[in-house]
Amino acid sequence: MENTRRNFLKAAALSGAGALLIPSLAHGSEKKKPRSKGKALVLKENAVILFQGDSITDAGRDRKKEDPNNTDAIGKGYALFAAGHLLVKFAEKKIKIFNRGVSGNKVFQLRERWDEDCIALNPDVISILVGVNDYWHTLDGKYNGTLQKFITDYRDLLKYTKSKLPDAQLIICEPYTLKGGGAIKPEQWYPMFDEYRKATKQLAIEFKAVYVPFQSIYDKAIKRAPDHYWAPDGIHPGLPGAALMAGYWLKKTGLNKKGKKKKVKEENA
């Protein structure tokens, strides 16, 4: 399953790894809804940003390359688009961006490698997208996880993170699916998977994290183009899906906002 998933990711990945994201790709405006109380992100000088999660974040990254701001190390998914934008916008701040997503991971597997792949990097911003495998892998009988286990494991991971990195800014991303994708059988996935999505929002509120509701942006996107256009299997984004996600991530974190321009007084000649 691991090799198959990684091969799929490489096939669906964007070919122009150096392309930069225009945040307006996150199309459409939203009505105001109750949301987490996470503060808008503020990047300090030399800030470290960490993307974490499963194959959607992994996106075929080269795990032998661990240095920051490296295209191969960041992979070919939404993290690359977001990283490219941030490295241009905040060039003066000399930020460092890492990707430690691992294909196939569930929450408990993030915890197993958290000391090395998170705490040791001492990140100032931690963005987590996980959850789809915590449900998906129960469908083949090879994992006996439950919704309660997902919530308990995720909460414990976040508690541990805050105990070790109390000043780190957290971003919790909503796991999502596109019902028309090739890997999705609606009768198997729903309504149970929706409960996993809801759980991530509640955890974001509990831990005062910025919340990125990816399902909502995909629900809008499929009104413009079919499911497989954005994510062929309904889970792993292709080029447009990755760009869409990155634009929305930048929007919800507030990192696409323009700074206030200083007024320049004109002097009389």
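The values are calculated or read from the model by the stated rules, or taken from the named source; none is laboratory data. Nothing here was measured: the structure is a model prediction, and the numbers come from that model. Cβ sites come from the backbone with ideal geometry, for glycine too, and all protein chains shown count toward neighbours.
Scanning region 115-152 for residues being touching a Leu at 6+ places or on another chain (Cβ under 9 Å) and within 21 Å of Pro213 (Cβ to Cβ) gives a total of 8.
A search for C-beta distances below 9 Å between a residue of region 130-148 that is touching a residue at least 60 places away in the same chain (Cβ under 8 Å) and on the phi > 0 side of the Ramachandran plot and any residue that is crowded, with 24+ Cβ neighbours inside 10 Å and polar (S, T, N, Q), counting only pairs 6+ apart in sequence or on different chains, returns Gly131/Thr200. Residues of region 63-118 that are buried (at least 20 other Cβ atoms within 10 Å of the Cβ) and in contact with a Pro (Cβ under 6 Å, 6 or more places away or on another chain): Ile97, Phe98. From the list Asp156, Asp115, Asp140, the lone residue that is assigned to a loop (DSSP other than H, G, I, E, B) and out of contact with any Gly (no Cβ under 9 Å at 6 or more places or on another chain) is Asp140.
Can you find, within region 159-182, the residue that is surrounded by the fewest Cβ atoms within 10 Å (Cβ to Cβ) among those that are assigned to a helix (DSSP H, G or I) and of a type in the set (Ser, Thr, Tyr)?
Checked region 159-182; the qualifying residue surrounded by the fewest Cβ atoms within 10 Å (Cβ to Cβ) is Ser163.
Only a single item in (1) at pLDDT 95 or above; (2) of a type outside the set (A, V, I, L, M); (3) more than 25 Å from Val132 (Cα to Cα); (4) part of a loop (DSSP other than H, G, I, E, B) is not met by Lys39, and it is number (1). Remark: pairs (first residue in region 181-192, over 18 Å from Ala221 (Cβ atoms); second residue of a type in the set (Ser, Thr, Tyr); Cβ separation under 8 Å; 6+ apart in sequence or on different chains) = Trp189/Tyr135; Trp189/Thr177; Met192/Tyr135. Selection of region 88-129 for residues being touching a residue at least 24 places away in the same chain (Cβ under 8 Å) and acidic (Asp, Glu) yields Asp117, Asp124.
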